[in-house]
Every structure is written in C-alpha cells, then in structure tokens.
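One structure is given below, encoded as structure tokens.
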Amino acid sequence: APLRFPVIAGGFGAVEAEFVVRVAADAPPDRLDYSPAEAAAFVGAVHAGIEVAGNALSSVMTLGPMASVPSFGNNIGLVIGPQITESLSDLETIRAETEIDGQSVGTGAADKLPGGIAAALAFALSVTARLGRPLTAGQWVSTGALTGVHAITIGQTARIAFTGIEPMTGMAVAAQPTTDA
C-alpha cells in the first residue's frame with residue numbers, strides 16, 4: 001500500500017531520503033564519546049528510509065536551525081524501508097533520488113554525509129550518552145538527508161528510490177491530532 005506522510009495543515013512538511021541504522025547492542029552507560037570506527041561496531045543493519053519532517057510553523061526553515069529545536073528537529077516520523085545488504089564501506093555505490101509529484105528534486109549518496117554513516121552514528125551515540133540516554137539495541141538512527149530536505153504539501157506525492165531497492169512512494173496527508181490519556 002502507498003505510504004502516508006503526515007503534514008500539519010498550514011505548517012511545514014518535508015521528506016528526506018536517509019540511510020537508517022538499527023543499533024546492534026546497548027551502548028555502555030558510562031561511555032560518552034565514540035569515534036566513527038568505534039560506532040561501526042554498533043551497526044546492526046542499514047536500511048533505506050525516509051525521515052518525515054514537519055512543523056506547525058510554516059516559516060520554520062527560513063528562521064535558522066535553532067527554530068527547529070523546540071519541535072525535536074522537525075521530526076514527525078521515520079519510514080523504515082528495505083535492508084541494504086552492502087557493507088558500510090560499499091554504501092557509496094548506493095544512490096538515492098527523491099521525486100515530488102513526478103519531478104526529481106534531489107539525488108545523493110553516502111558521500112553527502114560528512115564522515116559517512118559511521119560518523120553520523122558516532123554523533124548520535126555520543127549525544128545521547130551525554131544526555132544520560134545511551135542508545136539501546138533495536139533503536140533506529142537516521143543518519144542525515146542524502147538528497148536534501150524536500151518540502152511537501154498535503155496532496156502531493158513523493159517517491160524515494162535507492163539503487164537496487166523497490167522505490168517507496170506515498171502521499172502527504174493532513175496530520176491528525178493525538179491526545180494523551
């Protein structure tokens with residue numbers, strides 16, 4: 001079935017093609033810093049994925065990076081796609097392309113990630129440890145936008161394709177409010 005990307009009506013919405021890492025093991029609670037080489041040991045699997053970004057403030061992207069902090073970096077959701085079987089060192093051969101309403105809006109690969117996937121995971125391991133919430137086995141880490149951050153509005157479709165993997169396609173739909181009981 002086609003995916004559904006929630007977008008806040010009147011706000012900002014986007015999709016980002018990303019490599020997504022499943023954490024293989026619990027990070028030690030007393031360790032605060034990781035190198036990319038050390039972080040690579042925590043890679044359980046790498047999947048194609050889509051970060052769904054959004055904010056109730058339509059101008060959030062024009063206000064600078066600090067404007068997205070109160071909304072957890074504009075993250076609304078994460079789509080976990082198929083597993084990529086290439087090794088970390090071979091991921092440069094995997095390219096991604098994002099289309100909005102049939103028009104290509106960006107292409108990219110692991111070389112768009114400063115330091116690559118292992119560096120992105122090292123950053124996540126270090127930051128979460130310093131916050132007192134070390135990563136645990138089975139958690140997912142998105143590693144950064146490969147093709148850019150692509151605005152999408154309610155009713156538009158997005159198609160995200162990775163080399164050798166069935167494309168992921170979906171439509172932006174109005175986000176539904178949730179209530180805590």
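Things to note:
- Exactly one residue out of Ala151, Ala67, Ala109 is in contact (Cβ under 8 Å) with a residue 24 or more places away in the chain and open to solvent by less than 60 Å² (accessible area, probe 1.4 Å): that is Ala109.
- Verdict on Thr136 being among the hydroxyl-bearing types (Ser, Thr, Tyr) and more than 23 Å from Gly44 (Cβ to Cβ): no
Condition check ((1) touching a Gly at 6+ places or on another chain (Cβ under 9 Å); (2) within 12 Å of Ile50 (Cβ to Cβ)) across all residues:
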site	(1), (2)
Arg133	no, no
Ala145	yes, yes
His150	yes, yes
Thr157	yes, no
Gly170	no, yes
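- When the criteria are applied in full, Gly164 meets the requirement of being touching a residue at least 60 places away in the same chain (Cβ under 8 Å) and either open to solvent by 40 Å² or more (accessible area, probe 1.4 Å) or in a strand (DSSP E or B) (or both).
- Candidates Ser89, Ser126 - the one that is over 21 Å from Asn55 (Cα atoms), part of a helix (DSSP H, G or I), open to solvent by 70 Å² or more (accessible area, probe 1.4 Å) and out of contact with any Pro (no Cβ under 9 Å at 6 or more places or on another chain): Ser89
- Checked against the criteria, Val15 does not count as among the β-branched types (Val, Ile, Thr), in contact with a Leu (Cβ under 7 Å, 6 or more places away or on another chain), buried (at least 16 other Cβ atoms within 10 Å of the Cβ) and in a strand (DSSP E or B).
- Number of positions in the stretch 31-83 that are farther than 19 Å from Gln176 by Cα, at pLDDT below 80 and not in a helix (DSSP H, G or I): 3
The values are calculated or read from the model by the stated rules, or taken from the named source; none is laboratory data. What you are looking at is a predicted structure, and each value in this text was computed from that prediction instead of being measured. Every residue, glycine as well, gets a Cβ built from its backbone with ideal geometry; the counts of neighbours run over all protein chains shown. Side chains included, ligands, DNA and RNA excluded: accessible areas come from the protein's heavy atoms. Shrake-Rupley method; radii C 1.70, N 1.55, O 1.52, S 1.80 Å.
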